[in-house]
Structure formats: structure tokens, C-alpha cells
Amino acid sequence: MTVRVADDRDLPALARLRREWTAERTGEADQDAGFERAFEAWWRAELPRRTFWLAEAGTERSGYTAVGSLNVVEIGNMPRPGGRPGRWGYVGNAFVVASYADRGVAAALLTAAVDHARARRYQRLVLRPTPSSAPFYLRHGFTPAGEGMLMLLPSAGQEDS
């Protein structure tokens, strides 16, 4: 299994994963014929401020299959007099195909996002987990913050603004 930053060639795989996410949650097959076009438009609009990771299983010989994805939105803090500008990240759209749920895919995707946040010197990395995913994030160093299980992973070396 590999995790890498996704790019334009991954649009079909990311759209397929989003369809699977929807089907898993609603129990219904999606018949939206225009979804891929809408997904691509969203991707292009979001790409300047969002980093996407794709987890793939397989080998070069047998081919790779997308089994999970996650993205982080970068948000810049509003400047204030006397303060240093800063950034923080919001983890969103985390999904792993059910048959890969217990194979370390989610942890690998989250590690890539946390490493990215630290490299970019984010002040914090924020997410809003589902009730069933909250224990996973707690095990990976996130702490609850306020109502709704908003969770934070502070980054070292930068003050809040």
C-alpha cells in the first residue's frame, strides 16, 4: 500500500471513492450521471488551497487500486496588528474502502496529512470526526476541543494568532 499526493490523473479514482463513500452511508447506489463533471469542477476550484492524498493497494505488475483518500484545506489567519500571520489545516473527506479498514490505510493517510501540516508549520490541524472514527483520532494524538468533537493536533513551534 502506498500513499501519495493526488493529481489530475487521479480524478476518476477520487470520484469513484466519493461514490463509494456515499453508497456506504446511504445504502443506495448513486445514479447521478453528472457527478464526475461536478466532482472535477469542485476539484479544480479547491486545488489551490487543498492537498489531496490517495492510498493505493497493489503492485506495478498487477496494477494499483485506490482504496482511500483524505484532504486538508489550508486556511490563513486574518492578520492582526502585532501578530505573525499563520495557517492552520482542516482535515476533510477521509474515506477508506471497507475491505481495507483494518489494514493501516487510515493511519497512513493521516500520517501524511500530519507530516504535511508540520512541514507547512500549521498552528493546528483540525477535524470533525464521526462518532465511530473519534477513537481512531484520539489514538493518533488529537484531543477534543469544544462541542461536536472538534479535535486539534497542535503543531510545534508556532504561536496561535
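We did not get these values from a lab; they are worked out from the coordinates using the rules stated. Just so you know, these numbers come straight off a predicted model, no measurement behind them. Counting neighbours? That spans all protein chains shown, and the Cβs are built from the backbone with ideal geometry, glycine included.
Remark: relative contact order (the stretch 2-154) = 18 percent; criterion is Cα-Cα distance under 8 angstrom and separation of 6 or more residues. Peptides 113-120, 33-40, ordered by how many other C-beta atoms sit within 10 Å of their residues on average, highest first, read 113-120, 33-40. Other residues with beta-carbon under 12 Å from the beta-carbon of residue 99 carry, at +1 per Lys or Arg and -1 per Asp or Glu, a net charge of -2. What the phi angles of the stretch 77-88 give under the Karplus curve with 6.51, -1.76 and 1.60, with θ = phi - 60°, is a coupling list of 6, 5, x, 9, x, x, x, 7, x, x, 9, 9 Hz, glycine and proline written as x. Along each principal axis, taking the top coordinate minus the bottom one, the Cα set of the stretch 53-111 gives 56, 22, 15 Å in descending order.
For every helix of n ≥ 4 consecutive DSSP H residues, a contribution of -39,500 (n - 2.57) applies; sum these over the chain, divide by its total residues, and give [θ] at 222 nm rounded to the nearest 500 deg cm²/dmol.
On the way: 4 runs with 49 residues, N = 161.
Counting only the DSSP helices, I get -9500 deg cm²/dmol.
Derived from the Cα gyration tensor, the three semi-axes of the equivalent ellipsoid of the stretch 2-154 are 27, 19, 16 Å, largest first.
Can you work out the FRET efficiency for the pair residue 38 and residue 80, with r the C-beta to C-beta distance and R0 = 30 Å, to the nearest 0.05?
0.20
Annotation: amide H-H contacts under 5 Å for residue 67 (H modelled 1.01 Å from N, sequence separation of 5 or more, or interchain): 55, 56, 57.
Are there DSSP H segments in the chain that both extend 30 Å or more along their axis (alpha-carbon positions) and score a mean Kyte-Doolittle hydropathy of at least 1.6? List them, or say none.
Details: long enough: none.
Correct list, ordered by number: empty.
Near the amide H of residue 6, within less than 5 Å, lie the amide hydrogens of 52, 53, 54, all on another chain or at least 5 residues away, with H placed in the peptide plane.
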